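Everything below concerns the one structure shown next.
The values are calculated or read from the model by the stated rules, or taken from the named source; none is laboratory data. Not measured: the values here are computed from a predicted model. Cβ sites come from the backbone with ideal geometry, for glycine too, and all protein chains shown count toward neighbours.
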Amino acid sequence: MSDPVGAVDPEAVSAPPKGRLKVFLGYAAGVGKTYQMLAEAQELRRKGVDVVVGYFEPHGRQDTIGRTAGLEFIPRKKIEYRGSVFEELDTAAVLRRKPAVCLVDEFAHTNVPGSERLKRWEDVQVLLNAGIDVFTTLNVQHLESLNDEVWGITGVRVRETVPDWVVDAADEVVLVDLTPEALQNRLERGAVYSTEKAKKAMENFFTETNLTALREMALRHTAHEVEGRLSDLSALARGRALAARPGAEPPTRHERILICLTGRPSTAMLIRRGKRVADYLHADCLAVHVQRNSAGGPGARSEALEKHLSFARNLHIQTHVLRGKDVAKSIVDFAREQNITQIFLGRAGAKSLWRVASTVHRVVRLARDREITIVAERRR
């Protein structure tokens, strides 16, 4: 029996509007992200807004700890793992408390095994879906698409990352900035870490060269966020203007990027590079793998390839697995069917050099009407 005309879905009525996400972005520990987050929370509290602290990591910084005075703390959830007890954000407790705003430090944190969700940003998504606004902190090196660039500059492979789409979806990104010289001065004074830890940090990750490069990344990313939002508003205005003018010239071409996946380790870097370019161009992003054998099921694919497919999906890249004996032709035919404008390929490594190089060369030859980017494997 069909619903009566005008009937209202009770779930739609009861569902709260999604909460707003505000990210305080920096380029290194100690620039003042948490301090700034707490300062804004205190201002909201003075205005009568219901604010709670879901998770706060003080790192022994007394000036930051002082900023929490008067704020309500939600007790952390204790989880036992391998004989030790760890404390994590208690998402369920925050949902029961139902504040207007919840502060959640260290957005990229990986939860201890046994937690309901793998990552803290996933816990935050649950709070947002429940209609709770969230303030959080993040360093730019934890953005997934910058992982290879950060490794290439600093020699440190950041293991805790956040997919770019999560941050891109934030309602507001606030850059918390400090010059590298001022940050190093804070380190020397013991305002960030203990004296011994600060000394080691300045000899390794916190060198002036590294900090300058990371700061540039943070500034560049924030500028891109602003440009993207302005571009979206401009595109909306142009669309309305065109709709109001019959016979107006059509919009310029829309970029569509295709990333070609294999089981090689460098494919992860290729995925990051292609997705970052797609984000900068506001382009659609697809990924494809061509399977030579006829079996076709996931069982016929290598574990490494499945990992790359999963990684691409996690970054909100549309993935496709094709079957075909001629890999290059399958890629190019698919690119034409999907109106792809740019194809990203990985350069062959030492192993299976001839076969992979031959595929790359044939794609270049067959797709003369498309832009081709061949990404080299980075090594330190």
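Before moving on, here are some points about what is shown:
- Among the residues of the range 33-71, those identified as among the acidic types (Asp, Glu) and either part of a loop (DSSP other than H, G, I, E, B) or within 23 Å of Trp121 (Cβ to Cβ) (or both) are Glu40, Asp50, Glu57.
- Residue in the range 110-154 that is surrounded by the fewest Cβ atoms within 10 Å (Cβ to Cβ), counting only those that are polar (S, T, N, Q) and under 20 Å from Gly32 (Cα atoms): Asn139
- Filter result for Glu181 (touching a Pro at 6+ places or on another chain (Cβ under 7 Å) and not hydrophobic (A, V, I, L, M, F, W, C)): no
- Annotation note: of Leu233, Leu286, Leu219, Leu258, the sole residue that is modelled with pLDDT of 85 or more and outside any strand (DSSP E or B) is Leu219.
- For the residues Ala130, Ala100, Ala108, the requirement of being small (Gly, Ala, Ser), touching a helix residue (DSSP H, G or I) at 6+ places or on another chain (Cβ under 6 Å) and over 24 Å from Phe205 (Cβ atoms) singles out Ala130.
- The range 16-45: number of residues that are surrounded by fewer than 22 Cβ atoms within 10 Å (Cβ to Cβ) and of a type in the set (Phe, Trp, Tyr): 1
- Filter pass, Asp148 being part of a helix (DSSP H, G or I), within 17 Å of Leu214 (Cα to Cα) and of a type in the set (Asp, Glu): yes
- In the range 170-188, residue farthest from the chain's Cα centre (by Cα) [restricted to those that are loosely packed, with under 14 Cβ neighbours inside 10 Å and part of a loop (DSSP other than H, G, I, E, B)]: Thr179
- Among the residues of this structure, Pro99 does not count as one that is in contact (Cβ under 8 Å) with a residue 12 or more places away in the chain, surrounded by fewer than 14 Cβ atoms within 10 Å (Cβ to Cβ) and part of a loop (DSSP other than H, G, I, E, B).
- Any hit, the range 135-157, residues being at pLDDT 95 or above and in contact with a Cys (Cβ under 8 Å, 6 or more places away or on another chain): yes
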